[in-house]
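All of the numbers you see were taken from the coordinates with simple rules; none came from a lab. All figures in this text were calculated on a predicted structure; none of them were measured in a lab. So basically every Cβ, Gly included, is an ideal-geometry build from the backbone, and we count neighbours across all protein chains shown.
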Amino acid sequence: MLKTTFRSAVILAFVALLCTALSIGVFLLTRDRIQNAALNQQRQLLNQVIPADYFDNALIDACVVPDQKRYPFLKAIYIARKQDEISAYAIKASTNQGYSGRIDILLGIRPDGTVLGVRVLNHKETPGLGDKIEAEKSDWIYSFDQQLFSLENQQQWAVKKDGGKFDQFAGATITPRAVVNAVKQAALTVITDFKRSSLTQFPACD
């Protein structure tokens, strides 16, 4: 009886060890491929909000994390440079004002406040209504392209129901309002704070 139990335990241990070894092997074989795929996807997103002719640096490596106590809504800032001069920023920002909670966006913006492009990275908004903030679902997100934000026109940066210039969706005002407010808040930070503070004080992204 003891021999049988011992033999079964050895077999189970061997199977567990084999499975672990196989899992580690698969992870090591696919790790680089997965990382490269993620980096390529990130580069594509950055190129959607900042055109390639705006920078000659490695944009994906020029990332800093802003002070979360001071800027809790900003998650990361990619600094685009052309001939060593800052030409634009790609900003990952978030808002909790969505109908179903948090919405994450990526915003491309020039130092003068001109928005180059916006994409929604993550959301849980209602399919068929709030999900029209996705570029794949409607053209609404393109309404930010080449729009200049300034202290003088900031009241226009709202949905039309609130007296602004951006369309809302039929039956879904909360979602586009949240995105417009997130873009507005990020743009306001760019034209007021980034001119006075050096982004080099922020740590690099992991």
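Details
Table: residues versus (1) within 14 Å of Gln48 (Cβ to Cβ); (2) not charged (D, E, K, R).
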site	(1), (2)
Gly113	no, yes
Gly117	yes, yes
His123	no, yes
Asp145	yes, no
Ser150	no, yes
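- Qualifying residue in segment 193-200 (condition: crowded, with 18+ Cβ neighbours inside 10 Å and in contact with a Phe, Trp or Tyr (Cβ under 9 Å, 6 or more places away or on another chain)): yes
- When each of Pro127, Pro111 is tested for being assigned to a loop (DSSP other than H, G, I, E, B), touching a residue at least 40 places away in the same chain (Cβ under 8 Å) and either surrounded by fewer than 18 Cβ atoms within 10 Å (Cβ to Cβ) or in contact with a Cys (Cβ under 8 Å, 6 or more places away or on another chain) (or both), the lone residue that passes is Pro111.
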